[in-house]
Amino acid sequence: MKALDEGEKGAGKALTVKDLEKTYPQWRKEPTKAVDGISFSVDEGEIVGFLGPNGAGKTTTIKCICGLVEPTKGDIEIYGIDVVNDTRKAVSNTSAVLEGNRNIYWRLTTRENLEFFARLHGRSLKEAEPEIKDLLKRFDLQDREDMPARKLSRGMQQKLALSCALIRGTDFLLLDEPTLGLDVKTSKEMRAFVKQLTSNGGKTILLSSHDMNVVEDVCERVIIMNEGKILANDSVNNLKDIFNVHLYDFILKGEPKLSELKNKYEITDIHYENGKTKLRVSLKNSDSFYELVNHLQNKNVELEEVKNLDKNMEEIFMDVIERKGVIN
Amino acid sequence: MTMVGIFILFLLVFFGLRSFEAGTETLQGSIVGFAMWIFAVMAYSEMSWGLLQEARDGTLEQLYLTPSTFRRISAYRVFGSFIFQFILFITFLGIMMVVTGEYLSLNPGVIILISLTLLSVYGLGYIMGGLSLVFKKVQAGNQILQFLFILLLVLPTITDHQIIYFVPISWGNLMINRMMIDGLSLLDFTLFEYLILFANSFAYLIVGLFIFSLMEKAAKKRGLLGHY
């Protein structure tokens, strides 16, 4: 876990969380510690994934960031403004989509919802109108702009909820499970759009999701939480490097001599079948892969097929959770 | 549908009273009382029930994520709904007068008395709304309170004890009755009568806002804001 230096605070940071702790008082019961002294930051223009099993403390952390839950200890700053002492000012540049398709008024139409949330953030309708039109078009909601939100499909409602967060015109976005319950096509569209927001729109996003594919596809960095603590805070690629042993299956034509190969690489399995040799090789890093391919070529060994047995984000996530220790 | 049911209930009460040869003042009082009860219930529900609805739908949290304060947003909401409910009140009153044949004095000054009287109702709405943020079961008391409004509205006809100065809406309703039934104007009331109305209404509103603020803090501490 990367601790924050004092010098880092507010310098190009959209969000700074330091030693955040939240204990919920309980009537006649032991208090529950939901967040246990976590620290992390999000740079301006960055998109960070927030992962963890149920009860890990993700939602409490997100709600503390929004000023909806009062922390027991610690500091939270959004663009250098203290959330606890100056909530209104700090959240004025923040919008959030909490729990998928909620967050919108079901009796209002698509357009009325967009207009309401624009006005709620103090924007004039004249100023927001081009963006309203753009969001309706981008999310394919044009034909349904006069339809009450309750009549929209779940996917449409989620698109509208995200649009309502965007129409506020804030730089920092908190997205809690934005693709929950969406079909494959809509989820893909949503992911593409979220990526665009940081690359073209200059937004900063903290995204929590149970869907590892979403996190792997969309996020540059991942924070993994469990039992109120941060277990990992690193880029998706670094995490893959830490947890992947770079396992490959090589299928070679014929039965070539492998003694040199055995000395140089960690071969975990060899077997011969129908005039072919199948090798399972565990490599130290991705560079070793190219070395091995070159080696085979130099030895005139004909390579028929290579299969990458790397772990996906879901398997890495499970590894982090099962380790229960902080990943450095 | 609810309004139709309430209207049928009103007709039963009104024609029941008429069959017992009740006086004009009692009959007209039942019209004002019923219309005021509906208005009070709508105003109260806007704050208490409306807040619960927002919490259930997940929009309450969104109202906290603004450069404004929740109290300011709810004040705009109260103002907007007051105008809408006042139009309903006048419409309902008109229909009741036409159906019963009992015509009341509609002095424009009545809007001032109604606005002031309802401040205490909004205060109660803030109290119940705030309490229900933390104690979710409090909403069960909402319906009881709606019927308590009937008692508070008829209280001045039962007693002239000073208690009517202190409980919500009773004193205001008495002044509204005197304006609409006895034909008084705003200038016919004494300074003392206005003082009671102002003190009563603002006291409930201020206490309501204070309790709401305390409950809001408690809800943020316990992570209950928006949870339902």
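The values are calculated or read from the model by the stated rules, or taken from the named source; none is laboratory data. What you are looking at is a predicted structure, and each value in this text was computed from that prediction instead of being measured. Because the Cβ atoms are built from the backbone with ideal geometry, glycine has one as well, and the counts that use them run over all protein chains shown. Please note that ligands, DNA and RNA were not included when accessible areas were found on the heavy atoms of the full protein model with its side chains. Shrake-Rupley method; radii C 1.70, N 1.55, O 1.52, S 1.80 Å.
Structure summary
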{"quantity": "Every residue from the stretch A:68-96 that is within 7 Å of another protein chain (Cβ to nearest Cβ), crowded, with 21+ Cβ neighbours inside 10 Å and assigned to a loop (DSSP other than H, G, I, E, B)", "calculated": "A:L68, A:V69"}
{"quantity": "The listed residue being of a type outside the set (K, R) and either within 14 Å of chain B (Cβ to nearest Cβ) or crowded, with 22+ Cβ neighbours inside 10 Å (or both), out of A:L125, A:L160, A:L136", "calculated": "A:L160"}
{"quantity": "Meets criteria (open to solvent by less than 10 Å² (accessible area, probe 1.4 Å) and either modelled with pLDDT of 90 or more or not basic (K, R) (or both)) for A:L247", "calculated": "no"}
{"quantity": "For A:I230: the one exception among (1) open to solvent by 30 Å² or more (accessible area, probe 1.4 Å); (2) part of a strand (DSSP E or B); (3) not charged (D, E, K, R)", "calculated": "(1)"}
{"quantity": "Meets criteria (more than 10 Å from every other protein chain (Cβ to nearest Cβ), touching a Cys at 6+ places or on another chain (Cβ under 9 Å) and not in a loop (DSSP other than H, G, I, E, B)) for A:G49", "calculated": "yes"}
{"quantity": "Residue among B:L9, B:L93, B:L17, B:L113 that is within 28 Å of B:G130 (Cβ to Cβ) and part of a helix (DSSP H, G or I)", "calculated": "B:L113"}
{"quantity": "First in the stretch B:60-72 and more than 9 Å from every other protein chain (Cβ to nearest Cβ), second anywhere and of a type in the set (A, V, I, L, M, F, W, C) and in a helix (DSSP H, G or I), Cβ under 8 Å, 6 or more apart", "calculated": "B:L60/B:L51; B:F70/B:L63; B:R71/B:L209; B:R71/B:F212"}
{"quantity": "Hits in the stretch A:126-154 - residues which are in contact with a Gly (Cβ under 9 Å, 6 or more places away or on another chain) and either at pLDDT 95 or above or within 19 Å of A:R107 (Cβ to Cβ) (or both)", "calculated": "A:R154"}
{"quantity": "Residues (of a type in the set (S, T, Y) and within 14 Å of the chain's Cα centre (by Cα)) located in the stretch A:174-186", "calculated": "A:T179"}
{"quantity": "The lone exception for A:L120 - which of (1) facing another protein chain (nearest Cβ under 7 Å); (2) free of Cβ contacts under 8 Å to residues at least 40 places away in the same chain it fails", "calculated": "(2)"}
{"quantity": "The lone exception for B:R56 - which of (1) part of a helix (DSSP H, G or I); (2) open to solvent by 30 Å² or more (accessible area, probe 1.4 Å); (3) free of Cβ contacts under 8 Å to residues at least 12 places away in the same chain; (4) more than 19 Å from B:I112 (Cα to Cα) it fails", "calculated": "(3)"}
{"quantity": "Residues satisfying the stated conditions in the stretch A:116-152, i.e. more than 29 Å from the chain's Cα centre (by Cα), within 25 Å of A:N93 (Cα to Cα) and not hydroxyl-bearing (S, T, Y)", "calculated": "A:R119, A:G122, A:R123, A:L125, A:K126, A:E127, A:E129, A:P130"}
{"quantity": "Filtered residues of the stretch B:169-191 (kept if within 12 Å of B:S105 (Cβ to Cβ), touching a residue at least 12 places away in the same chain (Cβ under 8 Å), crowded, with 16+ Cβ neighbours inside 10 Å and not aliphatic (A, V, I, L, M))", "calculated": "B:N177"}
{"quantity": "Flag if A:L114 is surrounded by fewer than 20 Cβ atoms within 10 Å (Cβ to Cβ) and within 30 Å of A:G181 (Cα to Cα)", "calculated": "no"}
{"quantity": "Residue that is nearest to the other protein chains (Cβ to nearest Cβ) [pool: residues in the stretch A:8-39 that are of a type outside the set (D, E, K, R) and on the phi > 0 side of the Ramachandran plot]", "calculated": "A:G37"}
{"quantity": "Helices (runs of 4 or more DSSP H) (entirely within the stretch B:142-228) containing at least 2 residues that are over 28 Å from B:M97 (Cα atoms) and more than 14 Å from chain A (Cβ to nearest Cβ)", "calculated": "B:163-166, B:191-222"}
